[in-house]
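The values are calculated or read from the model by the stated rules, or taken from the named source; none is laboratory data. Every value quoted in this text rests on a predicted model; they were computed, and no experiment measured them. Quick reminder, even Gly has a Cβ in these numbers, built from the backbone with ideal geometry, and neighbours come from all protein chains shown. Heads up: the accessible areas ignore ligands, DNA and RNA and are worked out on the full protein's heavy atoms, side chains in. Shrake-Rupley method; radii C 1.70, N 1.55, O 1.52, S 1.80 Å.
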Amino acid sequence: AQKITQTQPGMFVQEKEAVTLDCTYDTSDPSYGLFWYKQPSSGEMIFLIYQGSYDQQNATEGRYSLNFQKARKSANLVISASQLGDSAMYFCAMTLTGGGNKLTFGTGTQLKVEL
Amino acid sequence: DTEVTQTPKHLVMGMTNKKSLKCEQHMGHRAMYWYKQKAKKPPELMFVYSYEKLSINESVPSRFSPECPNSSLLNLHLHALQPEDSALYLCASSQDRTSPHYEQYFGPGTRLTVT
């Protein structure tokens, strides 16, 4: 079965600095999708970025980029130029081919952006 | 438009009540999901509907009864709940469930308290 690990329960970053949130995964399936979601205190899960297992290039979406290292089974999220509004819980998640698009989430990282 | 709406935002119910949670999307998505999220934990999948048919039930107790009246609507009927069922209930949708590469879009959730 697949597994997602986020080892950083909490992170602090200064405003305007970059921050990396770690995510490692474990699966023997060659085809999978990796996702990052942001969950502010309001509760809504906001989709940030997606990386497919066969994608050759790292995904980017505005200030978000995904550092995909397939051999190491890692999919770290990099947020550049942090803003106060980035303070939230961040979840790494994955789906498998044949898994019915079932999202498996990591335990999350609580990010706080400070002035 | 990547909006998924959920009503109500908050719900307090007694253990003998019957209530329903509603979810709606107008993105033409053919897969819809219910998740349960306890505080400071990742979401846990409950049900998946694909093309209006129930395709995954993650061994959810029968006091939770899902319904998909049409491709845009998803309901979760609640009956005889327990206090431990108090949680944030999230609805999500995706293009379909046949590929692991489709992101899921979440609604803002319903915060349920069972007294």
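Values computed for the structure shown
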| read-out | value |
| --- | --- |
| Largest to smallest principal axis extent of the C-alpha atoms in chain B, angstrom | 38, 24, 22 |
| DSSP-defined beta bridges in chain B - what % are antiparallel, rounded to 5 | 90 |
| Residue mean of other protein chain beta carbons inside 10 Å, A:36-49 | 4 |
| Solvent-free Debye scattering, log10 I(q)/I(0), computed from the Cα coordinates of segment B:64-115 at q = 0.17, 0.22, 0.23, 0.24 Å⁻¹ | -0.67, -0.94, -0.99, -1.03 |
| With at most 14 neighbouring Cβ atoms within 10 Å, loop GluC sites (Glu not before Pro) (DSSP) excluded, longest segment of chain A | A:18-115 |
| Spin-label proximity, A:Asn58 to segment A:8-31 - amide N less than 14 Å from point 7 Å beyond Cα toward beta carbon | A:18-23 |
| Lysines with Cα under 27 Å of A:Lys16, excluding same-chain neighbours fewer than 8 positions away | A:Lys38, A:Lys112, B:Lys40 |
| Rel. contact order, % - alpha carbon contacts under 8 angstrom, at least six apart, segment A:40-115 | 22 |
| Shielding by partners - mean other protein chain Cβ count within 10 Å, residues of B:45-57 | 1 |
| Where no second cysteine Cβ lies under 4.7 Å, the cysteines concerned in chain B | B:Cys68 |
| Whole-Hz couplings from phi, Karplus 6.51/-1.76/1.60, listed for segment A:71-85; x for Gly and Pro | 5, 8, 6, 10, 9, 7, 9, 10, 10, 9, 6, 4, 10, 4, x |
| 1.4 Å probe accessible area per residue over the protein assembly as shown, in Å² | 48 |
| Rounded accessible area of A:Phe12 (nearest 10 Å², 1.4 Å probe) | 140 |
| Length-normalised contact order of segment B:31-109 in % [C-alpha pairs under 8 Å, at least 6 apart] | 30 |
| Taking only Cα atoms of chain A, radius of gyration then Dmax in Å | 13.6, 45 |
| For the protein assembly as shown, alpha-carbon Rg over 2.2 N^0.38 Å | 1.02 |
